[in-house]
Amino acid sequence: MAVISREKKLAQTGHSSKPLLLIQAGIHSGEIDGKDAGLMLIRDLTVRGTSRKLLDGANLLFIPILNVDGHERSSIYNRINQKGPVEMGWRANGRFLNLNRDYGKLDTPEIQAVVKVMNRWQPDIYVDLHVSDGIDYQYDVTFGYNLKNAYSPAIAQWLESELRPAVSADLERMGHIPGPLVFAVDNRDASKGIQAGPSSLRFSHGYGDVCHVPTVLVENHSLKPYRQRVLGTYVLVESLMRVLAEKGEKLREAVRIDRGSRPPTIPISWESVPNPDRLIPFRGVASRVTDSPISGGKRVEWTGEKQEIMVPYFESAKPLASAQRPLAYWVPSAWEEIIERLELHGLKVELLSEPHEVTVDSWRINGYDLQKTAYEGRVPVRATTTIERRSVRYPSGSVRVSTDQPLGDLAILLLEPDSPESFFQWSFFLSVLQEHEYAEGYVLEPLAEKMLSQDARLKAEFEKKLVEEPEFRNSPRRRLYWFYERSPFFENQKRYYPVGRECQ
Ligand SMILES: [Zn+2]
């Protein structure tokens, strides 16, 4: 990472009164426009000096290639959808992980390093530079962020009302066609609309939103020439430095508001097919769909003819599920990789120097499903749970994570097991899902006899089940296990998600 500033001490101290822009290129190294644009701008900010005045108003941090392994795996045969450069890098890192899915789980050294940078430097704006795939349209530079219905409403408002008009005007003045992020509902037909619902925290801009760091995702259009895309990125970064210099104070106020807010309810998932909010103008390219003798289905051809149309805009996805904000979470010391990651994210945790007995809400796991395919080096898991209030002893080395901190929303999304972004669903807790002890039949037989002789209600229940459930009646194993489950020996076999939730 390059630190570009007129303040000599900045690199050592990390402190400055000037706003700070963090630009990250090459998270997907085939989409490398940002590396060349950033290097050109650094040249003009320093040795060439033509843009040096920009450093009077803002400082710049620049990561030219985040995914270095992907960058070195270059080939003329990567990125089949993209028009140049001639050789392109690769999406995944050396272990085939997509860095732009790793912001929550932090499995990769690359994203761990980025999160450290965000915590150390506290940038005013964080920008992640990409190149699109998908449909054809006229825009060459598209950019966006989570909107105000997600986790940072004040920041989103500033991005929409201050950043977008200023950056769009600068791009237009230099001959570019800026546009919103284009995630088409149907990749054959732009007229069906554009989705803009919240991105989740595994993605850079979703993570920035949850952490209350103003974060902009840039997607240059893959079907525009490389030179045009690089020049567009140059204009965009230059423009962002100017916007920060001029309007940075107001942005800092928005950040303060979002970091200070403690909403009682946090959405943890969003409906996937929202209703369109309104129509927006869209600068499209005409297409025709014809029969394909090759696939036997339909094929889309982009004609190149410009098409100005109005399309439905799917902006405000509704929360599908939410979590109530607890006071805190308790993480036992055995789960050190969870504790490490919480701290890496910048969450403040209280470390127990001696054991502590606490009444918490515990999630009892009644059943679970593993996803059938591997995903990002993990096997996603979902559980059905019930909440039980119980007293749990946390050994020294365990941590209490208060939600009354600027990153409290992040703690909720990472630790609620029903959250699709949780460590639980990223399969960090697979070992709690199995049984760890078993009971021999010859031990259960006399135990069952004793239980039946001492408890008439249990006996009646057992006999009723034998009559009513033939499958149970015909399974010696299930019949014995039924007594085991009802004995005090079974208590330790109950499966709980190890993280507890402290409520009022
Ligand atoms: Zn990308």
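The values are calculated or read from the model by the stated rules, or taken from the named source; none is laboratory data. From a predicted model like this one, the values you see are computed outputs, not experimental measurements. FYI the Cβ positions are ideal-geometry reconstructions off the backbone, even for glycines, and counts take in every protein chain you see. Heads up: the accessible areas ignore ligands, DNA and RNA and are worked out on the full protein's heavy atoms, side chains in. Shrake-Rupley method; radii C 1.70, N 1.55, O 1.52, S 1.80 Å.
Summary of values
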read-out	value
Nearest 10 degrees, 0 to 90: helix 109-121 Cα axis against the chain principal axis	70
Whole-angstrom Cα spans of segment 359-461 along principal axes, big to small	58, 36, 27
Table column - 3J(HN,Hα) (Hz), segment 321-333, Karplus curve with 6.51, -1.76, 1.60, x for Gly and Pro	9, 9, 10, 7, 6, x, 5, 6, 10, 10, 10, x, 4
Within-9-Å neighbourhood charge of ARG262 [Cβ basis; K, R +1; D, E -1]	-1
Cα-based shape type of segment 349-402, given that a ≥ b ≥ c are square roots of the gyration tensor eigenvalues and the cut on a/c is 1.5	oblate
Largest-first ordering by accessible area, 1.4 Å probe, given options TRP121, TRP335	TRP335, TRP121
Cα-Cα over 24 Å, subset of LYS18/LYS116; LYS8/LYS116; LYS35/LYS83; LYS116/LYS348; LYS372/LYS465; LYS35/LYS348	LYS372/LYS465; LYS35/LYS348
Of all DSSP beta bridges in the chain, antiparallel share, percent nearest 5	75
Shape of segment 6-48, Cα gyration tensor, a/c cut at 1.5	oblate
Gyration tensor over alpha-carbon atoms, segment 213-365, equivalent ellipsoid semi-axes in Å	45, 26, 18
For segment 368-477: accessible area per residue (Å², 1.4 Å)	59
Shape of segment 77-165, Cα gyration tensor, a/c cut at 1.5	oblate
Centroid-to-centroid separation of segment 1-58 and segment 109-158 [C-alpha atoms, Å]	17
Which of GLN195, VAL167, ASN474, positive extreme of dipole for the chain (C-beta unit charges)	VAL167
Radius of gyration and Dmax over the Cα atoms of segment 1-103, both given in Å	15.8, 46
Two-site FRET efficiency, GLN112 against LEU351, from Cβ-Cβ distance with R₀ of 22 Å, rounded to 0.05	0.60
Segment 280-408: translational diffusion in µm²/s, Stokes-Einstein, Kirkwood Rh over Cα pairs, 4 °C, 1.567 mPa s	64
Built amide H within the under 5 Å cut-off of ARG495, gap 5+	ILE365
Calculated from backbone phi, Karplus (6.51, -1.76, 1.60) coupling profile of segment 40-55 in Hz, x at Gly/Pro	4, 5, 4, 4, 6, 7, 10, 4, 7, x, 5, 10, 4, 4, 4, 6
Accessible surface of segment 163-223, 1.4 Å probe, proportion on carbon and sulfur as whole %	53
From phi via Karplus (6.51, -1.76, 1.60), per-residue ³J(HN,Hα) for segment 451-459 in Hz, x at Gly/Pro	5, 5, 6, 9, 9, 5, 5, 4, 4
Computed over segment 328-370, Kirkwood Rh from alpha-carbon pairs, angstrom	12.7
Part-to-part distance (alpha-carbon centres) for segment 200-264 and segment 414-465, which is given in Å	49
Partner lysines for LYS148 [C-alpha distance under 25 Å; skip if fewer than 8 residues away on the same chain]	LYS105, LYS192, LYS247, LYS250, LYS318
Eligible aspartates and glutamates near LYS450 by straight Cα distance, threshold 18 Å, same-chain separation 8 or greater	GLU440, GLU461, GLU463, GLU485
With every protein chain in place, segment 272-318: carbon and sulfur % of accessible area (1.4 Å)	53
Probe 1.4 Å, all protein chains present, accessible-area order of MET118, MET1, largest first	MET1, MET118
Proximal charge balance of GLY30 [Cβ under 14 Å; K/R count +1, D/E count -1]	-2
GLU172, GLU485, ranked by accessible area, largest first (probe 1.4 Å)	GLU172, GLU485
Residue-level accessible surface for GLU308, protein heavy atoms, 1.4 Å, Å²	120
Gyration tensor over alpha-carbon atoms, the chain, equivalent ellipsoid semi-axes in Å	50, 29, 20
Formal net charge of residues neighbouring ARG495 (Cβ-Cβ distance under 15 Å; K, R +1; D, E -1)	-2
Separation of the LEU370 and GLN493 label points, Cα + 7 Å toward Cβ, nm	2.1
